[in-house]
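The values are calculated or read from the model by the stated rules, or taken from the named source; none is laboratory data. A quick note: this is a predicted structure, and the numbers were derived from the prediction, not measured. With ideal geometry, Cβ positions are generated from the backbone for all residues, glycine too; neighbour counts draw on all protein chains shown. For the accessible areas, the whole protein counts, side chains as well, though only heavy atoms, and no ligand, DNA or RNA atoms are used. Shrake-Rupley method; radii C 1.70, N 1.55, O 1.52, S 1.80 Å.
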Amino acid sequence: MSQQDWWKTATIYQIYPKSFCDSSDKGMGDIKGITSKLDYLGLLGVDAIWLTPVYASPMIDNGYDIADYYAINPDFGSMEDFDELLEQAHQKGIRIIMDIVVNHTSTQHEWFQSALGDKQSPYRDYYIWKPGRNGQASNNWQSKFGGSAWALDEATDEYYLHLFAKEQADLNWENPAVREDVKRVIEFWAQKGVDGFRLDVINLISKQQDFADDHIGDGRRFYTDGPRVHEYLQEISEAVFQKYGSVTVGEMSSTTLEHCQQYSALDNKELSMVFNFHHLKVDYPNGEKWTKADFDFAQLKQIFNHWQTGLNGKGWGALFWCNHDQPRIVSRLGNDTRYHNESAKMLAASVHLMQGTPYIFQGEEIGMTNPGFTELSQYRDVESLNMYKLMVEEGTTSHDEMMAILQQKSRDNSRTPMQWNSNTNAGFTSGTPWIGIAENYPEINAQTALQDQQSVFYFYKELIRLRKTVPVITDGSYTDMFPEHEQVHGYLRENTDTMLLCLNNYFGKETEVALPESFVALTGQQILSNYGLEGTVTLDKKMVMKPYETVAILINK
Ligand code: TEU
């Protein structure tokens, strides 16, 4: 593996700056706060930080609405603070990955401000405008945050497209000037020395140009993995990513394996790797997010199998459970009370030992949980508040039902402040936090975790170390050993020298697996366990798995 492919044995840590660490008393995190925690990240052993947007922004969508790509949001600090973070991170061997949001800009961006109300503006064509039909938007596409994807510009009587909030206007990538500006933006950060880019909803940038009504859906099939998306990515990659050797990860909303094989193809003409979200829709019955539901374990395994076998040798995927849009995994698929420690570790091992590059979202490494908010006033997220309005105020869902749904599904579940210690506000801020903190912070916090060798933190640290020292985790093939098993995600990673057997019980109930004949009596080394390491083991026909047990056994061939 070349030095260029450093990210294949790396683990990346995602920071949501607003909720990470406040260096003052503003009640929201900042860049200096991040710099002050680099030693903590160094101890965990991560190779890179992905920083969600820190650019100038009105923060309607917490920075995913960018008003100036070349400026730091003053609430997060200054460009000097950023340069200092970059330098100190590099000194500690930690790379920095910037979040680039170029499917849309904030409506406060100067391009949009110039375009609004003026058909003659040189920036009018930077966005997507259509005349209405009988006082309605020109097609029936829906915003991902609810309601029509079009908003009216009264002065010109045309609608602009916004696939997300109405304050996030979609850029018109058909216009070559837009693509030139996008390259300038990315190059500005590459020149500063940042090591890579996470590209927000990048598979939505190319829209089918007839903007037809979607009679069977919300319009997504007309712009997801759209007609010119690969061409656009190749253009940007050639102009910037390849020139600077940047690592890139594309966030791919509702994508397909076939497209991802091309996005992340090993020839590196587009992106280094992709995030897809199919495994995080296993608790969306019939694709519906806004309903309370258990997860479908059989479906989860099928999705892992499909992607692991489909990308092997062809492309590269990101491995993850958590980010700033997803509820906390230990509350979602695990058990965040009785088996908190066991299930947090099992879930970690289950994804980290597959092929790809693992991502850890701040707080995941100490098993942070959903906060269990009970009042609407505790929520801040634009999507959650929009959905409340649509489903309760304008719809038929009751307030109580919606509060139960938000408690399970809201993006705010992951956005509560990082729990550093048991002091006031979990050590996050000396001011008033912008969003509430989970009540369990006196027990679940980084300081307590660091003092306990059995903590979730040290388990993640070990997973990061194993990835660097056990090659089969990176290069091995993947086979599902027990596709029909109702509790166990058990898979085999294999290369020419070794096999790694990974067994994960997803439930709080003991169970058994029956190993194939060819494994019986083989001797292996347990390299990971959440119930105490046993060292050398001889495999038996039957293996009993305790509640939420995870075990990984390395076998030399
Ligand atoms: O998210 C895109 C996306 O498709 C989601 O995961 C989104 O949160 C989900 O559809 C809502 O149900 C990215 C960012 O990660 C997210 O924070 C932004 O709000 C969004 O793009 C728009 O920039």
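Tabulated data
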| quantity | calculated |
| --- | --- |
| Criterion violated by residue 23 - all others in (1) within 22 Å of the chain's Cα centre (by Cα); (2) farther than 23 Å from residue 188 by Cα satisfied | (1) |
| Segment 58-67, residues that are surrounded by 16 or more Cβ atoms within 10 Å (Cβ to Cβ) and either of a type outside the set (A, V, I, L, M, F, W, C) or touching a helix residue (DSSP H, G or I) at 6+ places or on another chain (Cβ under 7 Å) (or both) | 60, 61, 62, 63, 64, 65 |
| Tabulated pairs, segment 199-227, first in contact (Cβ under 8 Å) with a residue 40 or more places away in the chain, second open to solvent by 40 Å² or more (accessible area, probe 1.4 Å), C-beta under 6 angstrom, 6+ apart or interchain | 213/140; 218/142; 222/208 |
| Matching entry among 201, 101 (being open to solvent by less than 20 Å² (accessible area, probe 1.4 Å), of a type in the set (A, V, I, L, M) and under 13 Å from residue 69 (Cβ atoms)) | 101 |
| Members of segment 212-250 found to be in a loop (DSSP other than H, G, I, E, B), open to solvent by 30 Å² or more (accessible area, probe 1.4 Å) and in contact with a helix residue (DSSP H, G or I) (Cβ under 7 Å, 6 or more places away or on another chain), listed by number | 212, 245 |
| Single residue of 178, 194 found to be away from the ligand (no atom under 16 Å from the Cβ), assigned to a loop (DSSP other than H, G, I, E, B) and under 26 Å from residue 244 (Cβ atoms) | 194 |
| Residue check, residue 248 free of Cβ contacts under 8 Å to residues at least 60 places away in the same chain and within 14 Å of the ligand (Cβ to nearest atom) | no |
| Residue, surrounded by the fewest Cβ atoms within 10 Å (Cβ to Cβ), within segment 293-339, restricted to residues that are acidic (Asp, Glu) and over 17 Å from residue 410 (Cβ atoms) | 294 |
| Matching residues, segment 112-121, being farther than 13 Å from residue 167 by Cα and either of a type outside the set (A, V, I, L, M) or within 16 Å of the ligand (Cβ to nearest atom) (or both) | 114, 117, 118, 119, 120, 121 |
| Pair list, Cβ < 8 Å and 6+ apart or interchain, from segment 61-78 residues that are in contact (Cβ under 8 Å) with a residue 60 or more places away in the chain to residues that are among the polar types (S, T, N, Q) and more than 14 Å from the ligand (Cβ to nearest atom) | 65/108 |
| Enumerated strands (runs of 3 or more DSSP E) restricted to segment 441-557, each holding at least 2 residues that are without any contact (Cβ under 8 Å) to a residue 40 or more places away in the chain and closer than 30 Å to residue 3 by Cα | 488-494, 523-529 |
| Cross-chain or 6+ apart pairs with Cβ under 9 Å, segment 256-269 first and in contact (Cβ under 8 Å) with a residue 60 or more places away in the chain, then in a loop (DSSP other than H, G, I, E, B) and of a type in the set (Asp, Glu) | 263/225; 263/270 |
| Hey, residue 511 buried (at least 17 other Cβ atoms within 10 Å of the Cβ) and among the β-branched types (Val, Ile, Thr) or not | yes |
| Hits in segment 251-270 - residues which are in a loop (DSSP other than H, G, I, E, B) and more than 16 Å from the ligand (Cβ to nearest atom) | 264, 265, 266, 267, 268, 269, 270 |
| Lone unmet requirement of (1) assigned by the TED database to the domain that holds residue 120; (2) over 25 Å from the mean Cα position of the chain (by Cα); (3) of a type outside the set (D, E, K, R) for residue 145 | (2) |
| Hits in segment 403-426 - residues which are open to solvent by 10 Å² or more (accessible area, probe 1.4 Å), touching a residue at least 40 places away in the same chain (Cβ under 8 Å), more than 16 Å from the ligand (Cβ to nearest atom) and touching a helix residue (DSSP H, G or I) at 6+ places or on another chain (Cβ under 9 Å) | 420 |
| Members of segment 463-472 found to be more than 21 Å from the chain's Cα centre (by Cα) and surrounded by 18 or more Cβ atoms within 10 Å (Cβ to Cβ), listed by number | 466, 470, 472 |
| Close pairs from segment 385-400: first over 16 Å from residue 289 (Cα atoms), partner modelled with pLDDT of 95 or more, Cβ under 6 Å, at least 6 apart | 399/392 |
| Members of segment 318-357 found to be within 16 Å of the ligand (Cβ to nearest atom) and not aliphatic (A, V, I, L, M), listed by number | 320, 321, 322, 323, 324, 325, 326, 327, 328, 332 |
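To keep it simple, each residue is scored yes or no on (1) at pLDDT 95 or above; (2) surrounded by fewer than 21 Cβ atoms within 10 Å (Cβ to Cβ); (3) among the β-branched types (Val, Ile, Thr).
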| position | (1), (2), (3) |
| --- | --- |
| 341 | yes, yes, no |
| 362 | yes, no, no |
| 374 | yes, yes, yes |
| 378 | yes, yes, no |
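Here is a yes/no grid of residues against (1) surrounded by fewer than 22 Cβ atoms within 10 Å (Cβ to Cβ); (2) within 16 Å of the ligand (Cβ to nearest atom); (3) more than 17 Å from the chain's Cα centre (by Cα):
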| residue | (1), (2), (3) |
| --- | --- |
| 43 | yes, no, yes |
| 48 | no, no, no |
| 56 | yes, yes, yes |
| 79 | yes, no, yes |
